[in-house]
Amino acid sequence: MRGMDDKPRSSPLVPDAVAAEIARHDWESVECGCGRSALHLEDTLWAAAEGHPAAFRALEGHAFTGKQLAPPAPAVAGVLMAVWEAGPPRRATREALLWTVLALLGAQDDGSSHEAGLYGQSSAFVRRGLPGIRAEAAAAPGTVSAAYAEGIVDILGLRE
């Protein structure tokens with residue numbers, strides 16, 4: 001988290017497009033799944049963008065709780081897909097990212113009527129990254145990453 005006088009956060013491990021996706025969301029104005037402001041998710045998302053697998057799983061209870069989506073879900077999905085599109089090199093990072101996307105897509109919408117709802121907004125971000133997700137499934141059949149990727153494609157009903 002940063003204050004008004006601080007320089008924008010940066011990391012040599014985080015591509016500019018991912019940093020821009022994190023920065024474009026008003027995290028402070030969104031209620032987190034834990035009941036606080038979602039501002040604290042910035043640190044978790046930066047850690048995820050740097051490739052720390054545990055940071056992805058730490059989003060449970062914040063972007064989604066159990067099988068219910070929480071208000072930060074669409075913004076988190078946007079960041080996750082920016083990380084995916086940047087091509088995380090480590091297998092453990094890709095697996096954790098795909099697990100988180102699958103968990104988001106497996107959760108229920110909040111039932112709100114604004115815009116597309118949390119699920120519709122979140123899945124729209126994921127659909128953008130489907131070519132890469134399909135490629136992951138095809139590249140290493142039988143792996144954990146491939147199973148998660150296939151699950152994502154199946155949930156979205158977008159088999160070719």
For residues that are open to solvent by less than 30 Å² (accessible area, probe 1.4 Å) and either in a loop (DSSP other than H, G, I, E, B) or touching a residue at least 12 places away in the same chain (Cβ under 8 Å) (or both), tally how many sit in segment 137-160.
-> 7
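Which residue, of Glu85, Glu95, is open to solvent by less than 50 Å² (accessible area, probe 1.4 Å), under 13 Å from the mean Cα position of the chain (by Cα) and of a type in the set (Asp, Glu)?
Numbers: Glu85 fails: open to solvent by less than 50 Å² (accessible area, probe 1.4 Å).
Selected residue: Glu95, the only one of Glu85, Glu95 that is open to solvent by less than 50 Å² (accessible area, probe 1.4 Å), under 13 Å from the mean Cα position of the chain (by Cα) and of a type in the set (Asp, Glu).
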Ala55 vs (1) closer than 20 Å to Leu118 by Cβ; (2) not in a loop (DSSP other than H, G, I, E, B): all pass except (1)
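Determine, yes or no, whether Thr100 is surrounded by fewer than 23 Cβ atoms within 10 Å (Cβ to Cβ), among the polar types (S, T, N, Q) and part of a helix (DSSP H, G or I). Break it down stepwise before answering.
Values: surrounded by fewer than 23 Cβ atoms within 10 Å (Cβ to Cβ): no; among the polar types (S, T, N, Q): yes; part of a helix (DSSP H, G or I): yes.
So Thr100 fails the test.
The values are calculated or read from the model by the stated rules, or taken from the named source; none is laboratory data. These figures come from a predicted structure and were not determined experimentally. Neighbour counts run over all protein chains shown; Cβ positions are idealised from the backbone, glycine included. When the accessible area is computed, the model is the full protein with side chains, heavy atoms only, and any ligands, DNA or RNA have been set aside. Shrake-Rupley method; radii C 1.70, N 1.55, O 1.52, S 1.80 Å.
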